[in-house]
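The structure appears right after this line, and notes come after that.
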Amino acid sequence: MCGIFGFISKSRINDELVLQCKKGLSLLQHRGPDAENYYYSDYIFLGHRRLSIIDLSEAANQPFFSGCGKAAIVFNGEVYNYKDLRQGLNVRTNSDTEVLLEGYLKYGNSFFKRIRGIYALAIYDFRTANPTLTLLRDPSGIKPLYVYRHNEDLVFGSEIKAIIPVVKNHLTIREKSIWSYLHLSYIPEPYTIYDQIHAHTPGLLETYSLNDLSCSSTQLNSFDFLSRNHLSFKDNVLETSNLLQQAVKRNLVSDVSLKMALSGGIDSSLLYALSNKQQSVGGISVSMDELEYNEAGIAKVYAKHLNAPLEVINLDIDNRLDLLNRLLLHFDQPYADSSLVPFYFLTKAASEKTKVLIGGDGGDEIQNGYSGFKSLPLLLNLRRILPNSLFSNLYNHSTLFPERLVRIYNKAIGLIDSSSSEELLLKWGSWLPAVPKQYPFNPFLRSIENNDQLFESNEKLDDKGLIVKYYYHHRMQSDYLRKSDMMSMINGVEYRVPMLDEDLVNFSLSVPYNQKSDFKRTKKILRSIHSQTYPVSTSKMVKKGFSIPLDTWLGEKNLQYVKNEILRTDGIVKDYIRTKYIDVLFKTLTNRTLQRYCSRATAYQRILILYALQNWYFNLKR
């Protein structure tokens, strides 16, 4: 697991550009504290920061050159099946990096279809008079890869911060990304906050000619969100169990020790059990003072049941606002998922024990684990059945309900009152009120038309296929995976996700929707497997999010400062959000009448969204 950086140009790279490239590479030091190396010639710069996991010798450092000396690779990630793939290849090291490069040279691009792992890679091939650069990212988008392309230059890196020193004078803010962020608390890929930088599409293989920067591309790996298998529930449980065991075995490949991030959930505890069947893997769980957010108790039950090692770490967090500011800015663009904080402390604690942490991310997306998998099919059906003329009257009757039900009622009516299934899904993920009638007045100063679409217009998915793709290709890739990558790598920890093993994902997406969830239950198949290992009562537990109590983090001590920052007239928030709404939002924290429209927890999250945007903007202007 590492950080990669590269620059190619149709013009010769001068000394100043080399210095800028070195600066960009140095900003990835946290991703690879073990080694730094780079290579450059007249038209290309390749840089690498290494976190040594497989083949710890210096011989495996990157950029790595082929035996023929005519190709080089920089690579972030792991290839779990590299030992199988090395058969028939002329390799000099025990690294997965060399297997990638030599496999490409021998078999071409088709070789990449055989690899299983997490990766973002760049291969410089100068065997001919027309040198090329090939970019590829794993099909789930687990490892990040950002690309800047403008005029005669192409720059890529594991994080946006590495690209900026080279191109900062050519960047403009993408306004549509701000609208998306205000609703979602993150910016959906492939977009970023900048017009000129995008996230490389997962599974897309792009090859650039260094002579003229022309590009050819092919979607090498992708997932099918439409087809369904015809197996029975029992057979789907059995095959899922087999593929889970295979995925866990792959993820245990390492030349350093590994640990398991163990929460109270189904996914991580299932992986914990399967891992300890193959070798002793210690668990790490975090404990918080706030009982509502503390899952260490159930983690201890799992460890005791398996007689497996577990370490519980108490999160006693000081300097809350200073730390929050630093972590928010680390994302290089507006981002406001509050679970980044406990995840940071989890990986910080893990970094003292190991370089590799295994987590349960992805299980909810492939096995219908969120509440939306239960509710959204009904809402999508109602959208088609109910006539639009009903909605204005339905909104008017919301005051007849108790406080908590008013919020649920208004949210449901606002969702059903959508022009399309795609619009409904966008509203479902929105933190700020997507429909003005959900709140006493519209918080936005301007129209939010032309917002980024969630799906390509040529997709022919049914409602359930849209729901699965929404969670998998939208929220997971752009929010959850970015959080886990950024907050693990800031602490020099590789975070592995067996649930996103390519073979397991392919099969899980083929399982009929109703076998994975119905209106009463989520994650039915994984719960069935879980109950074969743990007490049945633990397999029936309701999902809890990994988050922090924002009212503690943004309590009275810091709240006035946060409000003052959001209201600053030299900031960016004033261009999008009404000052009156900001005032009402802060009053909602104590006003029960306003809480009929917005809960305290949601109000704090909306405050965080606005604060993170302002914080990013002021840092940009420094």
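The values are calculated or read from the model by the stated rules, or taken from the named source; none is laboratory data. The model shown is predicted, which means the values in this text are computed figures rather than measured ones. Methodologically, a virtual Cβ is constructed for each residue, glycine included, from the backbone with ideal geometry; neighbour enumeration extends over all protein chains shown. All accessible areas refer to the heavy atoms of the entire protein, side chains included, with ligands and DNA or RNA removed. Shrake-Rupley method; radii C 1.70, N 1.55, O 1.52, S 1.80 Å.
Annotation: per residue accessible area for the stretch 6-104 equals 40 Å², rounded to a whole number [probe 1.4 Å, protein chains only].
Rounded, prolate or oblate: pick one for the stretch 135-238, where a ≥ b ≥ c are the square roots of the eigenvalues of its C-alpha gyration tensor, a/c under 1.5 means rounded, and failing that, prolate if a/b is larger than b/c, else oblate. Walk me through the intermediate numbers first.
On the way: a/c = 2.99, a/b = 1.64, b/c = 1.82.
Note, shape of the stretch 135-238 comes out oblate.
Can you classify the stretch 91-132 as rounded, prolate or oblate using the Cα gyration tensor, where a ≥ b ≥ c are the square roots of its eigenvalues, rounded means a/c under 1.5, and otherwise it's prolate if a/b beats b/c and oblate if not?
Here the stretch 91-132 falls in the prolate category.
With R₀ set to 41 Å, the beta-carbon distance separating Ser375 from Asp34 gives a calculated FRET efficiency near 0.35. The length gained on full extension between Asp224 and Lys83, counted as 0.36 nm times the residue separation minus their Cα-Cα distance, comes to 47.9 nm. By a 1.4 Å probe calculation restricted to protein chains, Ile313 has an accessible surface near 30 Å², given to the nearest 10.
Dividing the summed helix terms, -39500 (n - 2.57) for each DSSP H run of n ≥ 4, by the number of residues in the chain produces a 222 nm estimate of -11500 deg cm²/dmol to the nearest 500. Under 8 Å for C-alpha pairs, at least 6 residues apart: give me the relative contact order for the stretch 129-227, rounded to a whole percent. For the stretch 129-227, the relative contact order is 35 percent.
Using equal-weight Cα scatterers in the Debye expression, the normalised intensity of the chain in log10 at q = 0.07, 0.08, 0.09, 0.12 Å⁻¹ is -0.44, -0.58, -0.75, -1.37. In the stretch 163-297, Rg over Rh equals 1.08, where Rg is the alpha-carbon radius of gyration and Rh the Kirkwood radius from pairwise Cα distances.
Given R0 = 30 Å, the distance between the Cβ atoms of Lys176 and Asp462 translates into a calculated FRET efficiency of 0.60.
Over the chain, with every protein chain in place, what whole percent of the accessible area is carbon and sulfur at 1.4 Å, could you tell me? Don't jump to the answer; show the numbers that get you there.
On the way: 11880 of 24860 Å².
Heavy-atom surface of the chain belonging to carbon and sulfur, 1.4 Å probe: 48 percent.
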